[in-house]
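Since the structure comes first, as structure tokens, the remarks are kept for the end.
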Amino acid sequence: MPIRRKRHKVPQSAAQMFALVADVERYPEFLPGCRALTVTNRKTLADDTEIITADMLVGYKMFEEMFRSRVTVNRSALSIDIHYLQGPFRHLDNNWRFRDLDQGGSEIDFYISFELRSRGLGLLVGGLFEHVFVRMIDAFESRARIIYPPSITAS
């Protein structure tokens, strides 16, 4: 069962990085392997937490799968939790935490854990996991540099 956690500093503010990751509908524009994403339900709670149900079509070469997840976007805590609902996984949990740093920029704390239902597919994906993980983190950071260039980043 692949598990990975990364804490990383970026020049963008916590609010900027939170907004970028929370904007799930834009993932197909920049996230490697994300071929399509459809929000099927969106609900805002009284505390301004947003619950999104989304179907994501992911693919790599000939492999293509759709899965559904629940995305909990907590604006006051600057946290995003993704929980698997339906598709090829036994489980998938993904968490993002963002905090501003005193010296400027922010720290991103990213965690992902998953297990696929198919043992064969699990072995294949498990071997690619580190590569996919690094590409995914790089894609978010590259997107942040485009949307929030360091020269105009709020401290």
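Descriptive notes on the structure:
- Per-residue ³J(HN,Hα) for segment 142-149, Karplus 6.51 cos²θ - 1.76 cosθ + 1.60, θ = phi - 60°, Hz, x for Gly and Pro: 5, 4, 4, 5, 6, 6, 10, x
- Across segment 77-91, coupling constants 3J(HN,Hα) worked out from phi with the 6.51/-1.76/1.60 Karplus curve, θ = phi - 60°, read 8, 6, 9, 9, 10, 10, 10, 5, 10, 7, x, x, 9, 7, 7 Hz, and Gly and Pro carry x.
- DSSP-assigned coil residues among trypsin sites (Lys or Arg not before Pro) in segment 25-87, each with at most 15 further Cβ atoms within 10 Å: Lys61
- Around the amide H of Ala36, modelled in the peptide plane, lie the amide H atoms of Leu57, all under 5 Å away and 5 or more residues distant in sequence or on another chain.
- Near Ser13, the amide H atoms lying under 5 Å from its own belong to Ala154; only residues 5 or more places off or on other chains count, and H is placed 1.01 Å from N.
- The Rg/Rh ratio for segment 3-149, using Cα coordinates for both the radius of gyration and the Kirkwood hydrodynamic radius, is 0.96.
- Ranked by the mean number of other Cβ atoms within 10 Å of their residues, highest first, the peptides 138-149, 78-89 come out as 78-89, 138-149.
- For segment 3-149, a crude dipole built from +1 on the beta carbon of Lys and Arg and -1 on the beta carbon of Asp and Glu, taken about the Cα centre, is about 360 debye to the nearest 20.
- 3J(HN,Hα) along segment 6-14: 9, 10, 8, 9, 9, x, 6, 6, 4 Hz, from the Karplus curve 6.51 cos²θ - 1.76 cosθ + 1.60 with θ = phi - 60°, whole Hz, x for Gly and Pro.
- Binning the C-alpha pair distances of segment 1-56 at 10 Å intervals from 0 yields a P(r) profile of 18, 38, 40, 4 %, listed from the shortest bin outward.
Read-outs: derived from the displayed coordinates by stated rules, not from any lab. The model shown is predicted, which means the values in this text are computed figures rather than measured ones. Ideal geometry is used to build each Cβ from the backbone, glycine not excepted, and the neighbour counts take in all protein chains shown.
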